[in-house]
Structures are given as C-alpha cells and as structure tokens.
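Please treat every number below as a calculation from the coordinates, not as lab data. Quick caveat, the model's predicted, so the values are computed rather than measured. Neighbour counts run over all protein chains shown; Cβ positions are idealised from the backbone, glycine included.
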Amino acid sequence: MGRISRLAAQPPLKPNAAPATQLADEKLAPIFFNADFDAPLQTADMEEALDDDEADDTDHGKMRVDKWLWAARFFKTRSLAKAAIEGGKVHQQGERVKVSREITVGMELTIRQGLTEKTVTIKALSMQRGGAPIAQQLYEETPVSIAKRELIAAHRKLSNLARPDHRPSKHERQQIHRFQRQYDTPDSHNSHDEGY
C-alpha cells in the first residue's frame, strides 16, 4: 500500500477536534494551544507578551546588563554576553557583575573582549539591537580607556616587529647553529651530566 493511499484511507479531521499532540493533562494544554484547540499559539503572540514585560523595564530606566551588551553590539548573541559576564569579563566599579544586574544610564562598565579592555559610560538603554552607528550612541568610551587601548596597541605592534617575518631557511638555521656553538661555554654542557 503506497503512502498516498494510506493518507487517503484515514478519516478526515473534525473542524474543532483536538490535535493529536494534545497533552493528557488539561492544565498544561492552554500553554501550547488556543482555547478552541484548533491551532497552536502564534509565536508573535508570545513575543508580544514578552516585549510588554521588557518594555516595563526600560520605562523605569533599568535594564539587564546582558541585554544591554547585546543591544550595544559588544557581543553577537545574548548567550555570548552571558558567558562573558559569568567569566568575569564585565565589571562595574571594579567588581564583577551578575547576568541579571540592572543597569541605568550614567553607570560605568569595564568590558574585556579578547586582548582589549574598554571602560564605557552608558548613555542610553535600548531593547532592540540596531546597526553599529545606533549602537555607538548607547555608550561613550572614557578618554582614559581610549588612551590605555592605544598604548597597549602600540606596545603590541612594537613586540611584533622583533619577530621575524618568515621561518629560517636551511642555510640560515646552519648559521644560527654555528653562532650558538661559537659562543657556548664548555661548562654549560657539563652541568647536565653532574645531575644538578
């Protein structure tokens, strides 16, 4: 019997019949389905309800730090922001913050991302993640932080200049070994033999 004939052999569903995935426990069913049990709840309805709760937070001038870091484009996702906070990479007044920490306009945060560390003053709160120009309006980096980052970048650039730009060739390695043998002292080889 083919697939199409099996589907045709099934009786048609009644218009207001409960779906096959209806939970046995009637208490949990309204969470997943409308009262008529004819269609699952739309995700837009759930998101709208969540947005109403989140809008209440910004009306009072407070917001969770992980949401703000995501909206200000310091981290690509909220889970990355949460991991950074839990890893101790976000501080406020020298102390680690928790993920659920409420922040307000005017607070200073120190954020470490890789090798860079920024100290920023919060200028605005936003529940939506916008483009980079919009995100940069949410904070202002302190002048001390900018100077410190530039100094560290200059040191890093200088340390890279001391590093060769390529691996030594066979001929260059031979020259290095000759140079090392020429300036090696015989005492340096004997100290390993004595068991020290």
Compactness index (Cα Rg / 2.2 N^0.38 Å), region 59-161:
1.09
May I ask which residue of 80, 134, 68 lies farthest towards the positive end of the charge dipole of region 59-161, with charges of +1 (Lys, Arg) and -1 (Asp, Glu) on Cβ and the Cα centre as origin?
80
